[in-house]
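Reading through the structure tokens given below for one structure.
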Amino acid sequence: MVGVGSKCRSRYWVKIRDEEVVLGETNSPEIAEFHIPEIKLVGECTNQTGPYTEDWFLCLCDESGWLEIPVEADGFSDLLDELGTRLGFYQKLELFNSADFCSRIIWPVDCVGAPLFQYRLKWWHFTVNQSYSTIAKGSLGL
């Protein structure tokens, strides 16, 4: 796995523009925006799709959903530094060795380390349902 801030080119890029986190694909228009003042939780998650595609993400969450930003996206280190400054958190990511479905909250401070998501395997469809954990729902007021 390529580390955070590596010099390898990702197929994704991310940046902050005014009050928005903007995610895009290389040679493509923007694919997602997330309004920074609406962020209620920040976390990280992994899945089983690596090493062939992105499998480690920073998650920006609000009451209506979340945005998954690949950790290997171009501009990710700058984004993490800026979000840490704006939201007031120490941006330590810890799931780099996970090869399975895993998640944890990294902000707000009173929830650090708690699971961000709960995963339910639907074995008859070979799919996984990902939804907010009980702790995340409480922090979001859901």
> closer than 16 Å to LEU140 by Cα, within 12 Å of the chain's Cα centre (by Cα) and not aliphatic (A, V, I, L, M), is that true of CYS59?
Replying inline: yes
> Do you know which residues across the range 98-111 are under 14 Å from LEU60 (Cα atoms) and in a loop (DSSP other than H, G, I, E, B)?
Replying inline: PRO108
> From the set of residues in the range 39-83 that are in contact (Cβ under 8 Å) with a residue 60 or more places away in the chain and β-branched (Val, Ile, Thr), which is nearest to GLU19 (Cα to Cα)?
Replying inline: VAL42
>> If a residue must be touching a Leu at 6+ places or on another chain (Cβ under 7 Å), closer than 22 Å to VAL112 by Cβ and exposed (fewer than 14 other Cβ atoms within 10 Å of the Cβ), how many such residues does the range 8-67 contain?
In response: 1
> Within the group TYR119, TYR52, which residue is within 25 Å of GLU30 (Cα to Cα) and over 15 Å from the mean Cα position of the chain (by Cα)?
Replying inline: TYR52
> Has the range 74-97 got any residue that is at negative phi and assigned to a strand (DSSP E or B)?
Replying inline: yes
> Can you name every residue in the range 24-62 that is within 18 Å of ARG86 (Cα to Cα) and of a type in the set (A, V, I, L, M)?
Replying inline: ILE36, ILE39, LEU41, VAL42, LEU58, LEU60
> Which residues, counting only those in the range 38-73, are in a loop (DSSP other than H, G, I, E, B) and touching a Ser or Thr at 6+ places or on another chain (Cβ under 6 Å)?
Replying inline: ASP55, GLU72, ALA73
> Is it fair to say ASP74 is more than 30 Å from LEU121 (Cβ to Cβ), surrounded by fewer than 16 Cβ atoms within 10 Å (Cβ to Cβ) and over 14 Å from the mean Cα position of the chain (by Cα)?
Replying inline: no
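Bear in mind that the values in this text are calculations on the coordinates, not laboratory data. Only a predicted model underlies this, so the values are computations on that prediction, with no experimental measurement involved. Here Cβ is always computed from backbone atoms with ideal geometry, including for glycine, and neighbour counts include all displayed protein chains.
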